[in-house]
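The values are calculated or read from the model by the stated rules, or taken from the named source; none is laboratory data. If you're wondering where the values come from, they're calculated on a predicted model, not measured in any experiment. Counting neighbours? That spans all protein chains shown, and the Cβs are built from the backbone with ideal geometry, glycine included.
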Amino acid sequence: MEGRALLLSLVFCCCVLLGVDGYSNGKVTEVCGSMTPEHGVSAQTAASPFTVTTDKSNYTNGEDVTVTLKSTVDSTFFEGFLLQAREVGGSSAVGAFLSPPSGTQTLTCGSVTNSALSHTSSLKQNNVQVKWRPSGNKDVQFYVTFVQSKATFWVKVMGSTIKVNGTSSSTSAPAAAPLSVLLMICMYWAL
């Protein structure tokens, strides 16, 4: 009986340790929505030493955008990351990452193939560059979770908004407002 208790204790300890180990292989589709690593500790609240930038501030559907993840200090590295583009105000990944560079992989978030990019190992990096192709005609923003170590990570670090080319505010809305006011006045006087 004592041997059985020892075996159960060993199995329990292994399950607990494996459950908090994280995903050094970057297969993190379970957290696509929250983008929060399951490391058993809270995310950092201070500013991230890592950034996400793009080579464009405007895009046309089908036109590739270069996205760069970078350390603001050359001697600071990240071991893991999860990168997504989301429509402004949205919560789901959009578009597709193309030809993932060495040490990275694309993931399917929701049902959108190649809509996220992550690491494949805990190899330390301070610069990752990848192409992203939009799939719609809405403004997007890039979000990244950077993992510096198991206990040190930043969730949903935001890049700047990338606007769709050729969109402008509608000119019919201002013209409709005076017409609706006129109708209301006519209805008032008719009563």
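Annotations
- Entry remark, region 135-151: residues being in contact with a Lys or Arg (Cβ under 9 Å, 6 or more places away or on another chain), among the hydroxyl-bearing types (S, T, Y) and either loosely packed, with under 15 Cβ neighbours inside 10 Å or under 12 Å from A93 (Cβ atoms) (or both) number 1 in total.
- Strands (runs of 3 or more DSSP E) completely within region 31-114 that count 1 or more residues being surrounded by 13 or more Cβ atoms within 10 Å (Cβ to Cβ) and in contact (Cβ under 8 Å) with a residue 60 or more places away in the chain: 50-54, 65-71, 80-87, 104-109
- From S115, S99, residue being small (G, A, S) and out of contact with any Ser or Thr (no Cβ under 7 Å at 6 or more places or on another chain): S99
- Scan of region 52-79 for residues that are among the hydroxyl-bearing types (S, T, Y) and closer than 20 Å to T106 by Cα, ordered by number: T53, T54, T66, T68
- Qualifying positions in region 7-52 - closer than 30 Å to V65 by Cα, at pLDDT 95 or above and among the aliphatic types (A, V, I, L, M): M35, A43, A46, A47, V52
- Residue check for L117: within 19 Å of W154 (Cα to Cα) and in contact with a Leu (Cβ under 6 Å, 6 or more places away or on another chain): yes
- Among residues of region 119-132, those that are surrounded by 19 or more Cβ atoms within 10 Å (Cβ to Cβ), farther than 15 Å from F77 by Cβ and modelled with pLDDT under 95, counted: 0
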